[in-house]
Structures are given as C-alpha cells and as structure tokens.
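Following: one structure in structure tokens, then a few remarks.
The values are calculated or read from the model by the stated rules, or taken from the named source; none is laboratory data. These numbers come from a predicted model, not from an experiment. Cβ placement follows ideal geometry from the backbone for every residue including glycine, while neighbour counts extend to all protein chains displayed. Note: accessible area is taken over every heavy atom of the protein model, side chains too, but ligands, DNA and RNA are not part of it. Shrake-Rupley method; radii C 1.70, N 1.55, O 1.52, S 1.80 Å.
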Amino acid sequence: MKILKFGGTSVGTPERMKDVAKLISDGSRKIVVLSAMSGTTNSLVEIADYMRKRNVESAGAMIGHLRSRYKKHIPNLYDTDEGKQKCEDFFKEEFITLQRLASQDFSETTEKAILAQGEILSTHMLTFYLQEQGIRVRLISALDYMRIDADAEPMMMPIYDYWSKLLAEDTETEVFLTQGFICRNAQGEIDNLQRGGSDYTASLIGAALHLEEIQIWTDIDGMHNNDPRFVEGTRPVRQLHFEEAAELAYFGAKILHPTCIQPARYAGVPVRLLNTMQPDAPGTLINNVMQPGVIKAIAAKDNITAIKVVSSRMLLATGFLRRIFEIFERYKTSIDMVATSEVGVSLSIDNDSRLTPIVEELKKVGTVEVDQDMCIICVVGDLVRENKGFLGHITSAFSDVAIRMVSYGGSNHNVSFLVRKEDKQKTLQALSDTLFTD
Ligand code: ADP
Ligand code: ASP
Ligand code: MG
C-alpha cells in the first residue's frame, strides 16, 4: 500500500481536484493526504492576524471573501444537484465555525483552529466529488490520530494504533482520504505541524505503517539541482539518498518540509517526488542508495543570524563551549552552523525570537558580534573527504562573494557557507554554473 500527498497547487482549483481524483482512482487501496487549496492557509493566517490586532471587521470581511471564493468552486466541481447541495451545506456550517472562531478573543489556540480549516475544506470537497464519481472513499480526520507531544514532536504510536486497526477492519474502502498539516497537541487542542507540514503528515503515516512508498505530488518534476525560484536552467535530480534529501529540505529546498524525510529514513520507506501536472514524468526517488562522488544539488536557507563570541579566556580553557551551548539550550534555540578558533566561536541560528536574552547572557562570556539577514548556502552530495578536490571546485564559485562562515565535516553529504542575503542569488547561480554546466 502507498501513501500519496497532494500539495496546495495540486488541489488549487476544481479542475486540478478532478485530475487528482483520476490519479487516485486506479482501483488500488491507498491513503491520500491533502493540503489546503493554494492560498487558503495564507488567507487564514491573515484572518488570525486581524484578530490579533483586534480588527474584527477586517477578519470578518476576509472570511466573506474566502467564502465567496469557495462557493464559486461548487458548480465547477460537482455534476449532480446532490453533490452541489452536500458541499453547499458543508460550506455553510464550516464558515459559521470560522466566523465563530474569529469573533472570539485572540489566542494561539484559536489561531491554530482557524489555520486548520483549509485542510478540512479541501478534504471534504474531494470526498464529496469522489462519492459523486462512485469511488469507495472514506474521510479520516487527522485530529483523531495525529498528535504532537509537549515538545511539539509528532507521536508515532497513535498513528500506528489508529491506522492498523482501521485498515484491518475496513477492507472495502479504496481511498482513505485525510488532512495533512493538522494535529492535536499535548493538551488535546487543535495544532499543526508547521507551514508546509502536509509532507510531514504523509511521511509520518508512511513510516508508522511501513508502507511501500511515500509519494509527494506537487507542481514540479521532482527535486531540482538548485532553487528554480532564483536560478535559471535548473534540472531535476532523479535520485537522492535520504541524507541528501534531508539536508536539502532542512536547508531550504521548499519542495519538502524541513523534517519530513526523517521518519521515512528511519523506517526505510522510499519517498518519490512527482508532478501532478505531468504525472508520467519520472520525478525524484529518495532511498538508501548513495551515488559515489556526485554533487547532487544546492539549497539556500534565509533569515539566518550569525553570532560571534570572542574571549581571551577561551584560550586553553575547558567548558567554554559548554557554557555557550547551554545558553542556546536554555532559550530553546537550535544552532545550524558552528566554527571555532582558539579565542572565539561563530554560530548561526534560524530563529531569532530569543536573540535579545541570548545576546545578554553571551555578553557575560565574551565580546558578542551579531550579523542578521544572512543566508546559508548548502551544497549536497557524496562529499566524503576521499573525493579529493571537491571543496576547491565548489569554492571557486565564490570568487565574487564574501563568505562569513564555512562548515564541512559534520556530515559527509553537505558543505555549508554563510553569506549575506544580498549575495544569495548570484551565489546560487554561480554555483549552478560551476557545478552543473556540462
Ligand atoms: P506544495 O504546495 O505542493 O507543497 P510547495 O510550494 O511547498 O508545493 O513546493 C514546491 C515548490 O518548491 C516548487 O514549485 C518550487 O518553486 C519550490 N522549490 C524550491 N526549491 C526547489 C528544488 N530544489 N526543487 C524543486 N522545487 C523547489
Ligand atoms: N496548508 C499548509 C500550508 O500552507 C500545509 C501544507 O500546505 O503543507 O502551510
Ligand atoms: Mg509544500
């Protein structure tokens, strides 16, 4: 059995939903995970933002726009009066729920309940369509099995328990349809797996049930060798090792949620990236195979802050790095890159929400320098040190760029460079020209 996840653009219009319906009704039993229709989660974020600013009127107006946008889909998606009526009744109920949530005082809990509505809408719409088409479909609420613990980590056991019982009991259903992204937290409230988290949902279910394959269907023919939003002439990479894909996802390749490869890798379930607009294209297969000596792809992660701590007391002292790392741990801020010398350490973080108290504490240890608006450029492939010369080849692309930090050796699959945000595009292009031009 396979699991197939369709992203926002893949279900972005009634026509696309019909294409998805065709793809998933081939007679085989499968689990299908859907995102919200493209643009919906952004609209819901805006509604929650108006609530936060106590602008009830604008929140209400945005809900009105969203509702008329959705109502227009009804005649384009359903053929029968019954199908149209079912969807109309559902929308009525759903938008009343949204209005009720938006009329409450703002809280993070209400915000998350609002953000969850996008996936609830899209999965119901497709379920009604598949029912109209006579497909044996069953809609399963992700809120019944997807949980995160107190540290916001997804829990595998509830997924396994719920789905193994369901699949054993229900041998009739062809398509089990469920929401990506949404879950319940340790308090039982509606929560989510962070933006882009529908990929993660699919990977978690695929891994918990040890399915045959996890398919991520999107709007591009697999993982490209560089970010197609910034670089010209990128090409699809046909195969990646789990580690390579995990590094690329973590370091900014938007096609995959940053942590979605981890569960698949631990369970050894292959992941395939496919294109809904071109279903016959081969896409990218992610598995346990490493192609020796090949540089596969480049990715970039924005909004990075670099922090340098210098102290002559570090010279020959023990426990200096521990003191520094403990400060980041205390403020639950994870570190991406590290470089050390005898008298200092440079670090990078991607979440600067606790930057002020972190810097205050670091000042007790040494002199602190902060650079914001940086970007990590990450080159991924089989970069074992026996492959002599690869680093020289890569760095030749940086002849016109100031590098703030370099990290290699933490993994055999990645070398990372910290550069200023304004140098990102030209660095990505120069790397593509150097590494991937025939
Ligand atoms: P979905 O809505 O299906 O989840 P996303 O927008 O999250 O789709 O991811 C697909 C997009 O990721 C592509 O349209 C592309 O612009 C972007 N992207 C960024 N880096 C890469 C890459 N290396 N390869 C392919 N796509 C990438
Ligand atoms: N709808 C959510 C988002 O836009 C989750 C997803 O699309 O993966 O972030
Ligand atoms: Mg996505």
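Applying a DSSP loop filter and a limit of 13 other Cβ atoms within 10 Å to the chymotrypsin sites (Phe, Trp or Tyr not before Pro) in the range 51-102 leaves nothing. For D336, nonlocal amide neighbours, meaning residues 5 or more places apart or on other chains whose placed amide H falls under 5 Å from its own, are S348, I349, D350. Among the GluC sites (Glu not before Pro) found in the range 221-286, those both in a DSSP coil and sparsely packed, with 16 or fewer other Cβ atoms within 10 Å of their Cβ, are E232. Accessible surface for the range 330-438, divided over its residues, is 50 Å² per residue with a 1.4 Å probe. Expressed as a whole percent, the accessible area of the range 72-225 that falls on carbon and sulfur atoms is 46 (1.4 Å probe). Across the range 202-252, Cα pairs under 8 Å and at least six residues apart give a relative contact order of 22 percent. Rounded to the nearest 20 debye, the dipole size of the range 148-241 about its Cα centre is 320 debye, using +1 on the Cβ of Lys and Arg and -1 on the Cβ of Asp and Glu. Just the number, please: carbon plus sulfur as a percent of the accessible area of the range 310-396, 1.4 Å probe, no ligands or DNA/RNA counted. Ligands and nucleic acids excluded, carbon and sulfur reach 50 percent. Restricting to lysine pairs 8 or more places apart or on different chains, what number in the range 16-120 have Cα atoms under 20 Å apart? The result is 15. Per-residue extension of 0.36 nm, minus the Cα-Cα distance of Q99 and T437, leaves a gain of 116.3 nm for this segment. Could you pull out every one of the lysines with an alpha carbon less than 22 Å from that of K308, ignoring same-chain neighbours closer than 8 positions? Within the straight-line cut-off, K308 pairs with K332, K363, K364, K421, K424. Applying the criteria of a DSSP loop state and at most 10 other Cβ atoms within 10 Å to the GluC sites (Glu not before Pro) of the range 250-354 yields E342. Determine the relative contact order of the chain: mean sequence separation of Cα pairs under 8 Å and six or more apart, normalised by residue count, in whole percent. The value is 13 percent.
Positive end of the dipole of the chain (Cβ unit charges, origin at the Cα centre): among M157, H257, Y408, the Cα lying farthest that way belongs to Y408. For the range 1-40, the solvent-accessible area works out to 32 Å² per residue, with a probe of 1.4 Å and every protein chain left in place. For the range 238-303, the fraction of 1.4 Å probe accessible surface lying on carbon and sulfur atoms is 53 percent.
Our helix-only sum for the chain, with -39,500 (n - 2.57) per DSSP H run of n ≥ 4 divided by its residues, gives a mean residue ellipticity at 222 nm of -12000 deg cm²/dmol.
Treating each Cα of the chain as one equal point scatterer and applying the Debye formula with no solvent, the log10 of I(q)/I(0) at q = 0.10, 0.13 Å⁻¹ comes out as -0.80, -1.24. Per residue, the solvent-accessible area of the range 129-249 (1.4 Å probe, heavy atoms of protein chains only, all protein chains present) comes to 41 Å². Which angle between 0 and 90 degrees, to the nearest 10, do you get for helix 40-52 versus the longest principal axis of the chain when only C-alpha atoms count? Compared with the principal axis, the helix lies near 80 degrees.
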